[in-house]
Amino acid sequence: MSTNYPIERSTIELCGITFHAYHGVLPEERLLGNTFVVDLTLESDISQAMMSDDLTHTINYAEAYEVLKQEMNTPSLLLEHACGRIATALLQQFPTLQRVHVRLAKKNPPIEGIQCTESAVSLTLAR
């Protein structure tokens, strides 16, 4: 396959990845855990993989998931901290990754007096 069209931007996305994890300020959050949902957008040049159909020419999203899983298994008090660790670990693991966007949501956060389906933090880091 060949194309004469320049790639303006290319991303690999993993959406709706669900974990049971132990992030939170409250002691019961760290004891009982909660459901968290992560969306990742990995910006990288995929032009070589687009032509070659070779996994070694792109970011293997199964490997990206393993990095994410390791970070989600490490408790943090704040979503901001967990989100930052995830983004940093992905940039360190994948040298061709140009930019990473992480959205980390806690389902049904324990906020007294309100009903809320989720609280979330989004972060974008770039090289």
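The values are calculated or read from the model by the stated rules, or taken from the named source; none is laboratory data. Just so we're clear, the structure is a prediction, and the values are computed from it rather than from any experiment. Ideal geometry is used to build each Cβ from the backbone, glycine not excepted, and the neighbour counts take in all protein chains shown.
Report yes if residue 35 is out of contact with any helix residue (DSSP H, G or I) (no Cβ under 9 Å at 6 or more places or on another chain), over 20 Å from residue 117 (Cα atoms), among the polar types (S, T, N, Q) and at pLDDT 95 or above, otherwise no. Before the answer, list the steps.
Details: out of contact with any helix residue (DSSP H, G or I) (no Cβ under 9 Å at 6 or more places or on another chain): yes; over 20 Å from residue 117 (Cα atoms): no; among the polar types (S, T, N, Q): yes; at pLDDT 95 or above: yes.
Criteria not met by residue 35.
Mind checking which residues of region 86-102 are in a helix (DSSP H, G or I), more than 12 Å from residue 44 (Cβ to Cβ) and hydrophobic (A, V, I, L, M, F, W, C)?
Residues satisfying the conditions are 86, 87, 89.
Tell me whether region 18-40 contains one or more residues that are of a type outside the set (D, E, K, R), over 30 Å from residue 3 (Cα atoms), within 13 Å of the chain's Cα centre (by Cα) and surrounded by fewer than 16 Cβ atoms within 10 Å (Cβ to Cβ). If you could, list the steps in order and put the result at the bottom.
The initial filter retains those residues of region 18-40 that are of a type outside the set (D, E, K, R), namely 18-27, 31-38, 40.
Next, from what is left, pick out any that are over 30 Å from residue 3 (Cα atoms): 18-27, 31-38.
In the following step, the residues that additionally are within 13 Å of the chain's Cα centre (by Cα) were identified as 18-19, 36-38.
Checking which are surrounded by fewer than 16 Cβ atoms within 10 Å (Cβ to Cβ) leaves us with 18.
Yes: one or more hits.
Return a yes/no flag: does region 41-54 have any residue that is in contact (Cβ under 8 Å) with a residue 60 or more places away in the chain, among the β-branched types (Val, Ile, Thr) and over 17 Å from residue 125 (Cβ atoms).
no
Could you give me the residue pairs with C-beta distances under 6 Å whose first residue belongs to region 77-101 and is under 13 Å from residue 12 (Cα atoms), whose second residue is at pLDDT below 95 and not aliphatic (A, V, I, L, M) wherever it lies, and which are 6+ apart or on separate chains?
98/127
Just to be sure I understand the filter: pairs with C-beta atoms under 7 Å, separated by 6 or more residues or on different chains, first member in region 12-29 and of a type in the set (S, T, N, Q), second member assigned to a strand (DSSP E or B) and surrounded by fewer than 18 Cβ atoms within 10 Å (Cβ to Cβ). Which pairs pass?
Within 7 Å, the pairs are 18/35; 18/37.
For the structure I just gave you, tell me whether residue 41 is out of contact with any helix residue (DSSP H, G or I) (no Cβ under 9 Å at 6 or more places or on another chain) and either β-branched (Val, Ile, Thr) or at positive phi (or both). Break it down into steps so the answer makes sense when it comes.
Numbers: out of contact with any helix residue (DSSP H, G or I) (no Cβ under 9 Å at 6 or more places or on another chain): yes; either β-branched (Val, Ile, Thr) or at positive phi (or both): yes.
Judged against the criteria, residue 41 is a match.
Do any residues in region 109-127 that are closer than 25 Å to residue 40 by Cα and touching a residue at least 40 places away in the same chain (Cβ under 8 Å) have Cβ atoms under 6 Å from those of residues that are outside any loop (DSSP other than H, G, I, E, B) and acidic (Asp, Glu), where the two are at least six apart or on different chains, and which pairs are they?
Listed by first residue and then by second, the contacts come to 121/80.
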